[in-house]
1. Does segment 15-44 hold any residues that are in a helix (DSSP H, G or I), under 17 Å from the mean Cα position of the chain (by Cα) and at pLDDT 85 or above, and which are they?
2. Find all pairs meeting these conditions: Cβ atoms under 6 angstrom apart; at least six residues apart or on different chains; first residue within segment 59-81 and more than 14 Å from Asp103 (Cα to Cα); second residue in a strand (DSSP E or B) and of a type in the set (S, T, N, Q).
3. Please tell me if Ala146 is in contact with a strand residue (DSSP E or B) (Cβ under 7 Å, 6 or more places away or on another chain), modelled with pLDDT under 85 and of a type in the set (Gly, Ala, Ser).
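The values are calculated or read from the model by the stated rules, or taken from the named source; none is laboratory data. All values reported here derive from a predicted model rather than from experimental measurement. Methodologically, a virtual Cβ is constructed for each residue, glycine included, from the backbone with ideal geometry; neighbour enumeration extends over all protein chains shown.
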Amino acid sequence: MPSPTQQRGSSKIVIASVVILSTIGYLTYSGIAENKSYYVTISEMQKMGDVAHKRHLRVAGNVAPGSIQRNGTNAHFALIEQGKRLEVSYQGAEPPPDTFKDDAQALAIGTYGRDGVFHATQLQAKCASKYAPAAPGATPPGTPTAAPVSKPAVTASLN
């Protein structure tokens, strides 16, 4: 039979384990909830009402031609998707990627402000022509073309 001192020691270990596991569980849950972002279209986001201002969102569209205004690592531009326009203010630690240009497809990650501007902290862009499938029968860019090589005629002689 365990002594009272051993029982108290076991109780302390159980209580400490429960506290530690509860803390780890809470931190894991809150970290996941904080970093979760919902992918929405511009029109879906504009219809969300107050909920849009409380969530971390991902919004994609094409960069409106002539809308890009750069200032160091920051940029202000507009995304267009299915006739809807969204003003975006990007403030990130790194400048926008090289592929971030007019008409490029872009993904902005951040929050929708009550001012009607999407405040992005992350920005991804791709060049549509680089990723678009080639036309049937077209030669991919950068493919070397060679002139046909003529083979010498082989003649056999029987002596």
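1. Ile42
2. Sorted first by the residue in segment 59-81, then by its partner, the pairs are Asn74/Gln91; His76/Gln69; His76/Ser89.
3. For Ala146, the condition - in contact with a strand residue (DSSP E or B) (Cβ under 7 Å, 6 or more places away or on another chain), modelled with pLDDT under 85 and of a type in the set (Gly, Ala, Ser) - is not met.
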